[in-house]
């Protein structure tokens, strides 16, 4: 599980597939990942052009180590099937299914990917943005080896459950923590929902901190100006890195002497602490590699 969760996903920015300038700008932004959107951000008369724009941009490359995900339209629309077919051979890291609510839709999507030559490495991500999606999270998590992660769609979810957008996000906590528990139980990634008020810098940072405290891998974003804040909050701190390296070494030394636990600065260190420390160091190293790319 460490290898899967060590990929940096601190900041994942939605980008409209109909905007070629934005797609080009994405190559220079410090986001860990991009969701190239063919769905909500694209008008109906621009859907096919957006599909071509996104697939051509991904094939052309130049995005470095950023994770590239294509959010397709629902299979219930005129565009969904063709979106998945085109994405299958685009070279993207994965596709994002909007309003995912069942294991069946994931298996149907997987079949389309396979039939159209998608590599085994191409993942399927589920937008969890409806009550049915939340309640079906575990069944979806078990549906396919291609399932790579959940993306919380808190805006649509709040609308569907008639919830208020509060600073503490209390109305969303059950949905957030339920889906997070499912993701951790099945070893997939999970991204927190967007913060809609771009004028509320303090509220955005508080939302990021809450997401980190809950256990999310990172934050989905709607504007480049929020990337730096998400990156800083979701990255391991210097103190965390130093401590993690210290207990990894101390535990390794203790094992050489036949000990299963060790005390470091008055704190008991066991295997579970070392596993978490290794994940922290792996994430830090992956972030450093991204900076160099």
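Among the candidates 203, 153, 229, which residue alone is modelled with pLDDT of 95 or more and surrounded by 21 or more Cβ atoms within 10 Å (Cβ to Cβ)? First the steps, then the outcome.
Numbers: 203 fails: surrounded by 21 or more Cβ atoms within 10 Å (Cβ to Cβ); 229 fails: surrounded by 21 or more Cβ atoms within 10 Å (Cβ to Cβ).
So the residue among 203, 153, 229 that is modelled with pLDDT of 95 or more and surrounded by 21 or more Cβ atoms within 10 Å (Cβ to Cβ) is 153.
Name the residue, out of 41, 87, that is under 18 Å from residue 122 (Cα atoms) and in contact with a strand residue (DSSP E or B) (Cβ under 8 Å, 6 or more places away or on another chain). Show your work before the answer.
Numbers: 41 fails: under 18 Å from residue 122 (Cα atoms).
The unique qualifying residue is 87.
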Worksheet item: Here is a list of conditions, (1) more than 25 Å from residue 131 (Cβ to Cβ); (2) surrounded by fewer than 24 Cβ atoms within 10 Å (Cβ to Cβ), and residue 102 meets all of them except one; can you say which number that is?
Response: (1)
Discussion item. Can you find, within segment 113-132, the residue that is farthest from residue 100 (Cα to Cα) among those that are in contact with a helix residue (DSSP H, G or I) (Cβ under 8 Å, 6 or more places away or on another chain) and crowded, with 21+ Cβ neighbours inside 10 Å?
Written reply: 118
Worksheet item: Among (1) surrounded by 20 or more Cβ atoms within 10 Å (Cβ to Cβ); (2) in contact with a strand residue (DSSP E or B) (Cβ under 7 Å, 6 or more places away or on another chain); (3) not in a strand (DSSP E or B), where does residue 219 come up short?
Response: (3)
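Between 108, 128, 112, 124, which is farther than 30 Å from residue 288 by Cβ, under 15 Å from the mean Cα position of the chain (by Cα) and in contact (Cβ under 8 Å) with a residue 24 or more places away in the chain?
On the way: 108 fails: under 15 Å from the mean Cα position of the chain (by Cα); 112 fails: under 15 Å from the mean Cα position of the chain (by Cα); 124 fails: farther than 30 Å from residue 288 by Cβ.
Going through 108, 128, 112, 124 in turn, just one is farther than 30 Å from residue 288 by Cβ, under 15 Å from the mean Cα position of the chain (by Cα) and in contact (Cβ under 8 Å) with a residue 24 or more places away in the chain: 128.
Here's the yes/no breakdown for (1) modelled with pLDDT under 95; (2) touching a helix residue (DSSP H, G or I) at 6+ places or on another chain (Cβ under 6 Å); (3) farther than 14 Å from residue 39 by Cβ:
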| site | (1), (2), (3) |
| --- | --- |
| 67 | no, no, yes |
| 70 | no, yes, no |
| 79 | no, yes, no |
| 82 | no, no, no |
| 87 | no, no, no |
| 98 | no, no, no |
| 102 | no, no, yes |
| 105 | no, no, yes |
| 111 | no, no, yes |
Item to complete: Exactly one condition in (1) in contact with a strand residue (DSSP E or B) (Cβ under 9 Å, 6 or more places away or on another chain); (2) loosely packed, with under 10 Cβ neighbours inside 10 Å is not met by residue 257; state its number.
Response: (1)
Worksheet item: Mind checking which residues of segment 12-50 are over 16 Å from residue 71 (Cβ atoms) and crowded, with 20+ Cβ neighbours inside 10 Å?
Response: 32
Discussion item. Can you tell me which condition residue 254 does not meet? The list is (1) out of contact with any helix residue (DSSP H, G or I) (no Cβ under 9 Å at 6 or more places or on another chain); (2) part of a helix (DSSP H, G or I); (3) more than 20 Å from residue 285 (Cα to Cα); (4) at pLDDT 95 or above, and all the others hold.
Written reply: (4)
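The values are calculated or read from the model by the stated rules, or taken from the named source; none is laboratory data. Since we're looking at a predicted model, the values are computed, not measured. Note that each Cβ is placed from the backbone with ideal geometry, even for glycine, and that neighbours are counted across all protein chains shown.
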